[in-house]
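Contents: one structure, followed by commentary.
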Amino acid sequence: MASRTATLLRDIRATPLFRQLAPMQSGVGWPIPIRHHPGWDGDTKVFLRLPLYGVQVVKGKGTFLHAPFATITVDWGTGRPMEYCDLRFTKPWPVRRDPVGTFPHDAIRGSVQSYKADRHRLLAGYDDLATALLEDRPFTGEAEFSALLTRLMEPPLAPYYRVLGERFFARFLGVR
């Protein structure tokens with residue numbers, strides 16, 4: 001059974017917002033959780049900021065990754081898109097037309113089945129983290145979550161993720 005976070009990552013692609021603003025060859029990156037307390041109704045809310053980055057498959061050369069060009073923030077509880085931010089407008093880094101790296105990276109080379117299992121565990125960890133944030137309690141799966149995120153994070157995209165979610169990635173990937 002898919003985690004709530006996995007379902008959100010899959011379903012965001014079907015939203016009119018995504019279909020209108022994201023090119024067909026777009027990847028949805030690792031979520032950046034945001035706790036908002038109190039929310040507009042007085043209750044704690046958890047949102048996931050989803051980086052969108054370019055993906056270019058070149059036959060015989062691999063999959064090229066481009067720097068994130070936008071983020072979509074969704075309500076973790078409902079999946080409702082709450083914000084779209086075009087990074088080409090806000091310019092948190094210089095706009096690049098060339099790829100920043102390739103996929104897969106060395107840490108995940110191996111069986112596709114192993115990668116999918118680790119991805120499933122990491123996305124379930126996002127569910128556990130979001131629940132802990134909602135309930136204002138400690139996140140007990142931090143060590144495994146951190147190890148999985150460190151392994152699965154695309155190294156050429158890590159600097160961009162760190163800009164978009166500085167505190168989150170410092171906590172789970174370490175300070176650089």
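The values are calculated or read from the model by the stated rules, or taken from the named source; none is laboratory data. Here the structure is a predicted model, which means the values were calculated and not measured. As a convention, Cβ positions derive from the backbone with ideal geometry for all residues, glycine included, and neighbour counts pool all protein chains shown.
Looking at segment 77-89, can you tell me whether even one residue there is more than 18 Å from GLN20 (Cβ to Cβ) and basic (Lys, Arg)? Before the answer, list the steps.
Taking segment 77-89 and keeping what is more than 18 Å from GLN20 (Cβ to Cβ), we get 77-78.
Those left that are additionally basic (Lys, Arg): none.
Checked against the condition, which is being more than 18 Å from GLN20 (Cβ to Cβ) and basic (Lys, Arg), segment 77-89 yields no hits at all.
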Q) Of all residues in segment 33-52, which are part of a strand (DSSP E or B) and in contact with a His (Cβ under 6 Å, 6 or more places away or on another chain)? A) LYS45
Q. If you check ALA158 against the conditions, is it small (Gly, Ala, Ser), part of a helix (DSSP H, G or I), in contact with a Pro (Cβ under 7 Å, 6 or more places away or on another chain) and touching a residue at least 12 places away in the same chain (Cβ under 8 Å)?
A. no
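Regarding ALA130, is this residue surrounded by 16 or more Cβ atoms within 10 Å (Cβ to Cβ), of a type in the set (A, V, I, L, M, F, W, C) and either in a helix (DSSP H, G or I) or at pLDDT below 95 (or both)?
It is true that ALA130 is surrounded by 16 or more Cβ atoms within 10 Å (Cβ to Cβ), of a type in the set (A, V, I, L, M, F, W, C) and either in a helix (DSSP H, G or I) or at pLDDT below 95 (or both).
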**Q.** Out of THR150, THR90, THR71, sole residue that is hydroxyl-bearing (Ser, Thr, Tyr) and more than 16 Å from the chain's Cα centre (by Cα)
**A.** THR90
(Q) Here are the criteria: (1) under 20 Å from PHE103 (Cβ atoms); (2) exposed (fewer than 15 other Cβ atoms within 10 Å of the Cβ). Tell me which single one GLY174 does not satisfy. (A) (1)
Q. Do you know which residues across segment 58-82 are among the small types (Gly, Ala, Ser) and in a strand (DSSP E or B)?
A. GLY62, ALA67, ALA70
